[in-house]
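The next block holds one structure in the form of C-alpha coordinates; read it before the comments.
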Amino acid sequence: MGADLDPAVASLEALVAELPPDLRTQALTHSSWTTQRSASYERLAFIGDSVLGLAIAAEVFARFPEHEVGALTKIRNQAVSGASCAAVGRSLGVAEMLSAMETGLANAIPATILLEGERPLPEVTEALIGACFLAFGFERTAVAVAEAFGPRISLAVEKRIDFKSALQEMLARRGVTVSYQVISEEGPPPERFEVSAVVDESEMGRGSGRSKKAAEQVAAQRALEALGG
(Lines give C-alpha, C1' and ligand atoms only; values in the text may rest on other atoms or scores of the structure.)
Protein backbone atom coordinates (compact mmCIF):
# COMPACT_ATOMS: atom_id res chain seq x y z
CA MET A 1 0.00 0.00 0.00
CA GLY A 2 1.16 3.57 -0.66
CA ALA A 3 2.29 6.21 1.76
CA ASP A 4 -1.25 7.51 2.35
CA LEU A 5 -2.54 4.38 4.07
CA ASP A 6 -6.28 3.97 3.66
CA PRO A 7 -8.11 0.81 4.75
CA ALA A 8 -10.81 1.60 2.19
CA VAL A 9 -8.54 0.39 -0.61
CA ALA A 10 -7.77 -2.98 1.01
CA SER A 11 -10.14 -5.00 -1.18
CA LEU A 12 -8.99 -3.32 -4.38
CA GLU A 13 -5.37 -3.73 -3.33
CA ALA A 14 -5.99 -7.45 -2.83
CA LEU A 15 -7.46 -7.75 -6.32
CA VAL A 16 -4.50 -5.93 -7.82
CA ALA A 17 -2.17 -8.32 -6.01
CA GLU A 18 -4.03 -11.27 -7.57
CA LEU A 19 -3.83 -9.96 -11.13
CA PRO A 20 -2.30 -12.30 -13.71
CA PRO A 21 1.25 -11.11 -14.54
CA ASP A 22 0.39 -10.13 -18.12
CA LEU A 23 -2.50 -7.86 -17.12
CA ARG A 24 -0.58 -6.35 -14.21
CA THR A 25 2.39 -5.61 -16.46
CA GLN A 26 0.22 -3.96 -19.10
CA ALA A 27 -1.61 -1.86 -16.51
CA LEU A 28 1.74 -0.49 -15.30
CA THR A 29 3.41 0.06 -18.69
CA HIS A 30 3.62 3.56 -20.15
CA SER A 31 3.45 3.86 -23.93
CA SER A 32 7.09 5.00 -24.06
CA TRP A 33 8.14 1.80 -22.27
CA THR A 34 7.01 -0.54 -25.02
CA THR A 35 7.48 -0.81 -28.78
CA GLN A 36 3.78 -1.58 -29.20
CA ARG A 37 1.49 1.19 -27.95
CA SER A 38 -1.47 -1.19 -27.60
CA ALA A 39 0.58 -3.05 -24.96
CA SER A 40 0.62 0.04 -22.71
CA TYR A 41 -1.89 0.90 -19.99
CA GLU A 42 -3.98 3.09 -22.30
CA ARG A 43 -6.38 0.36 -23.48
CA LEU A 44 -6.94 -0.90 -19.94
CA ALA A 45 -7.53 2.67 -18.74
CA PHE A 46 -10.18 3.03 -21.45
CA ILE A 47 -12.20 0.10 -20.13
CA GLY A 48 -11.33 0.89 -16.51
CA ASP A 49 -12.82 4.36 -16.82
CA SER A 50 -16.17 2.84 -17.80
CA VAL A 51 -16.02 0.19 -15.06
CA LEU A 52 -15.24 2.88 -12.49
CA GLY A 53 -18.05 5.11 -13.72
CA LEU A 54 -20.64 2.33 -13.61
CA ALA A 55 -19.50 1.00 -10.24
CA ILE A 56 -19.71 4.44 -8.64
CA ALA A 57 -22.97 5.30 -10.40
CA ALA A 58 -24.52 2.11 -9.00
CA GLU A 59 -23.15 2.85 -5.53
CA VAL A 60 -24.39 6.44 -5.53
CA PHE A 61 -27.78 5.37 -6.90
CA ALA A 62 -28.19 2.85 -4.09
CA ARG A 63 -26.78 5.06 -1.34
CA PHE A 64 -28.93 8.14 -2.06
CA PRO A 65 -32.46 7.01 -3.03
CA GLU A 66 -33.83 10.48 -2.30
CA HIS A 67 -31.50 12.35 -4.65
CA GLU A 68 -32.59 13.55 -8.08
CA VAL A 69 -30.48 12.78 -11.14
CA GLY A 70 -28.73 16.16 -11.12
CA ALA A 71 -27.40 15.64 -7.60
CA LEU A 72 -26.43 12.04 -8.37
CA THR A 73 -24.52 13.18 -11.44
CA LYS A 74 -22.56 15.80 -9.52
CA ILE A 75 -21.62 13.36 -6.78
CA ARG A 76 -20.56 10.70 -9.29
CA ASN A 77 -18.56 13.12 -11.41
CA GLN A 78 -16.68 14.48 -8.42
CA ALA A 79 -16.11 11.00 -6.96
CA VAL A 80 -14.53 9.68 -10.18
CA SER A 81 -12.62 12.85 -11.10
CA GLY A 82 -8.93 12.80 -11.91
CA ALA A 83 -8.17 14.13 -8.45
CA SER A 84 -10.16 11.32 -6.83
CA CYS A 85 -8.51 8.65 -8.99
CA ALA A 86 -5.12 10.08 -8.10
CA ALA A 87 -5.94 9.99 -4.39
CA VAL A 88 -7.03 6.35 -4.57
CA GLY A 89 -3.98 5.56 -6.69
CA ARG A 90 -1.65 7.03 -4.10
CA SER A 91 -3.25 4.88 -1.41
CA LEU A 92 -2.87 1.82 -3.63
CA GLY A 93 0.81 2.56 -4.12
CA VAL A 94 0.48 3.14 -7.86
CA ALA A 95 3.49 5.48 -7.92
CA GLU A 96 5.69 2.81 -6.37
CA MET A 97 4.32 0.08 -8.66
CA LEU A 98 4.84 2.23 -11.72
CA SER A 99 8.42 3.05 -10.72
CA ALA A 100 9.17 -0.66 -10.25
CA MET A 101 7.98 -1.41 -13.80
CA GLU A 102 10.14 1.20 -15.53
CA THR A 103 12.00 -0.17 -18.55
CA GLY A 104 15.36 0.74 -20.02
CA LEU A 105 14.25 1.52 -23.57
CA ALA A 106 16.19 4.33 -25.20
CA ASN A 107 13.18 6.67 -25.51
CA ALA A 108 11.47 5.65 -22.27
CA ILE A 109 10.23 8.52 -20.10
CA PRO A 110 11.42 8.02 -16.50
CA ALA A 111 8.69 7.23 -13.99
CA THR A 112 9.72 10.22 -11.87
CA ILE A 113 9.03 12.53 -14.82
CA LEU A 114 5.72 10.82 -15.66
CA LEU A 115 4.50 11.15 -12.09
CA GLU A 116 5.06 14.90 -12.20
CA GLY A 117 2.22 15.12 -14.73
CA GLU A 118 -1.47 15.12 -13.88
CA ARG A 119 -2.65 12.16 -15.94
CA PRO A 120 -0.43 9.09 -15.37
CA LEU A 121 -1.46 8.46 -11.75
CA PRO A 122 -5.25 8.52 -12.34
CA GLU A 123 -4.89 6.74 -15.70
CA VAL A 124 -2.86 3.89 -14.22
CA THR A 125 -5.41 3.61 -11.42
CA GLU A 126 -8.13 3.26 -14.06
CA ALA A 127 -5.97 0.75 -15.94
CA LEU A 128 -5.63 -1.41 -12.83
CA ILE A 129 -9.41 -1.29 -12.40
CA GLY A 130 -9.80 -2.32 -16.03
CA ALA A 131 -7.37 -5.19 -15.52
CA CYS A 132 -9.31 -6.34 -12.45
CA PHE A 133 -12.53 -6.27 -14.45
CA LEU A 134 -11.01 -8.46 -17.18
CA ALA A 135 -9.53 -10.88 -14.65
CA PHE A 136 -12.31 -11.10 -12.06
CA GLY A 137 -15.48 -9.75 -13.67
CA PHE A 138 -17.59 -6.70 -12.94
CA GLU A 139 -19.35 -7.75 -9.74
CA ARG A 140 -16.22 -8.53 -7.74
CA THR A 141 -14.35 -5.54 -9.11
CA ALA A 142 -17.26 -3.15 -8.53
CA VAL A 143 -17.51 -4.07 -4.85
CA ALA A 144 -13.79 -3.34 -4.34
CA VAL A 145 -14.00 -0.12 -6.35
CA ALA A 146 -17.03 1.11 -4.39
CA GLU A 147 -15.15 0.51 -1.13
CA ALA A 148 -12.00 2.22 -2.39
CA PHE A 149 -13.88 5.28 -3.63
CA GLY A 150 -16.32 5.35 -0.70
CA PRO A 151 -14.45 8.17 1.07
CA ARG A 152 -14.39 10.11 -2.19
CA ILE A 153 -18.17 9.76 -2.46
CA SER A 154 -18.58 11.00 1.10
CA LEU A 155 -16.31 13.96 0.37
CA ALA A 156 -18.33 14.76 -2.74
CA VAL A 157 -21.51 14.82 -0.66
CA GLU A 158 -19.97 17.03 2.01
CA LYS A 159 -18.43 19.45 -0.46
CA ARG A 160 -20.64 19.26 -3.49
CA ILE A 161 -19.06 21.65 -5.96
CA ASP A 162 -20.63 23.84 -8.60
CA PHE A 163 -17.70 23.46 -10.97
CA LYS A 164 -18.88 26.16 -13.38
CA SER A 165 -19.04 28.76 -10.61
CA ALA A 166 -15.69 27.63 -9.19
CA LEU A 167 -14.06 27.91 -12.63
CA GLN A 168 -15.62 31.31 -13.28
CA GLU A 169 -14.42 32.64 -9.93
CA MET A 170 -10.89 31.34 -10.46
CA LEU A 171 -10.68 32.83 -13.97
CA ALA A 172 -12.12 36.15 -12.80
CA ARG A 173 -9.15 36.50 -10.46
CA ARG A 174 -6.92 36.04 -13.50
CA GLY A 175 -8.85 38.52 -15.60
CA VAL A 176 -10.10 35.97 -18.16
CA THR A 177 -13.44 34.34 -18.93
CA VAL A 178 -14.73 30.95 -20.02
CA SER A 179 -17.21 30.04 -22.72
CA TYR A 180 -18.86 26.70 -23.44
CA GLN A 181 -19.21 25.25 -26.92
CA VAL A 182 -21.45 22.31 -27.78
CA ILE A 183 -19.36 19.77 -29.68
CA SER A 184 -22.07 17.19 -30.19
CA GLU A 185 -25.72 16.64 -29.31
CA GLU A 186 -25.86 13.04 -30.52
CA GLY A 187 -23.68 11.10 -28.10
CA PRO A 188 -24.58 7.62 -26.84
CA PRO A 189 -27.21 7.54 -24.09
CA PRO A 190 -27.28 8.62 -21.37
CA GLU A 191 -24.48 11.09 -22.22
CA ARG A 192 -26.09 12.80 -25.19
CA PHE A 193 -24.29 16.15 -25.03
CA GLU A 194 -20.57 16.82 -25.38
CA VAL A 195 -19.36 20.31 -24.44
CA SER A 196 -16.00 22.06 -24.49
CA ALA A 197 -14.86 24.68 -21.95
CA VAL A 198 -12.85 27.31 -23.81
CA VAL A 199 -10.50 29.77 -22.10
CA ASP A 200 -8.55 32.31 -24.15
CA GLU A 201 -9.54 30.47 -27.34
CA SER A 202 -8.04 27.21 -26.03
CA GLU A 203 -10.03 24.15 -25.04
CA MET A 204 -9.27 23.50 -21.37
CA GLY A 205 -11.76 20.73 -20.70
CA ARG A 206 -14.39 18.61 -22.37
CA GLY A 207 -17.34 16.85 -20.78
CA SER A 208 -20.34 14.71 -21.64
CA GLY A 209 -23.72 14.53 -19.97
CA ARG A 210 -27.41 13.81 -20.21
CA SER A 211 -28.08 17.53 -20.63
CA LYS A 212 -26.09 20.51 -21.84
CA LYS A 213 -25.92 21.82 -18.26
CA ALA A 214 -24.56 18.52 -16.94
CA ALA A 215 -21.97 18.36 -19.71
CA GLU A 216 -20.87 21.91 -18.93
CA GLN A 217 -20.30 20.95 -15.29
CA VAL A 218 -18.02 18.07 -16.34
CA ALA A 219 -16.16 20.30 -18.81
CA ALA A 220 -15.69 22.93 -16.10
CA GLN A 221 -14.43 20.31 -13.66
CA ARG A 222 -11.83 19.09 -16.15
CA ALA A 223 -10.82 22.67 -16.95
CA LEU A 224 -10.30 23.32 -13.24
CA GLU A 225 -8.09 20.23 -13.00
CA ALA A 226 -6.11 21.30 -16.07
CA LEU A 227 -5.62 24.81 -14.70
CA GLY A 228 -4.66 23.61 -11.24
CA GLY A 229 -7.84 24.88 -9.60
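The values are calculated or read from the model by the stated rules, or taken from the named source; none is laboratory data. Fair warning: this is a prediction, and the values are worked out from it, not measured in the lab. A quick note on method: Cβ atoms are made from the backbone with ideal geometry, for glycine too, and the neighbour counts reach across all protein chains shown. We work out accessible area using only protein heavy atoms, side chains counted, and drop any ligands, DNA or RNA first. Shrake-Rupley method; radii C 1.70, N 1.55, O 1.52, S 1.80 Å.
Summary of values
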{"quantity": "Accessible surface, 1.4 Å probe, highest first, among residues V143, V218", "calculated": "V143, V218"}
{"quantity": "Relative contact order %, the chain, counting alpha carbon pairs below 8 Å whose residues are six or more apart", "calculated": "22 percent"}
{"quantity": "Gained length - T103 relative to S202, 0.36 nm times residue gap less alpha-carbon distance", "calculated": "32.2 nm"}
{"quantity": "Centroid-to-centroid separation of the range 1-72 and the range 124-154 [C-alpha atoms, Å]", "calculated": "5 Å"}
{"quantity": "Heavy atoms of M97 accessible to a 1.4 Å probe, total area in Å² rounded to 10", "calculated": "30 Å²"}
{"quantity": "Highest-MSF residue in the chain out of R173, R152, R43 [GNM, Cα springs under 10 Å]", "calculated": "R173"}
{"quantity": "Theoretical ellipticity at 222 nm over the chain - DSSP helices of four or more residues, -39500 (n - 2.57) apiece, nearest 500", "calculated": "-18000 deg cm²/dmol"}
{"quantity": "Most fluctuating residue given options V69, V157, V60, as computed from a GNM of the chain linking Cα atoms under 10 Å", "calculated": "V69"}
{"quantity": "Largest-first ordering by accessible area, 1.4 Å probe, given options K74, K213, K159", "calculated": "K213, K159, K74"}
{"quantity": "Spin-label model distance (nm) - F46 vs E116, 7 Å beyond Cα toward Cβ", "calculated": "3.0 nm"}
{"quantity": "Under-5 Å amide H pairs with S184, H placed in peptide plane, nonlocal only", "calculated": "E194"}
{"quantity": "Relative compactness, the chain, computed as alpha-carbon Rg over 2.2 N^0.38 Å", "calculated": "1.03"}
{"quantity": "Alpha-carbon Debye profile of the range 1-66, log10 I(q)/I(0) at 0.12, 0.15, 0.23, 0.28 Å⁻¹", "calculated": "-0.45, -0.66, -1.09, -1.15"}
{"quantity": "Accessible surface of the range 92-229 [probe 1.4 Å, protein heavy atoms]: carbon and sulfur percent", "calculated": "50 percent"}
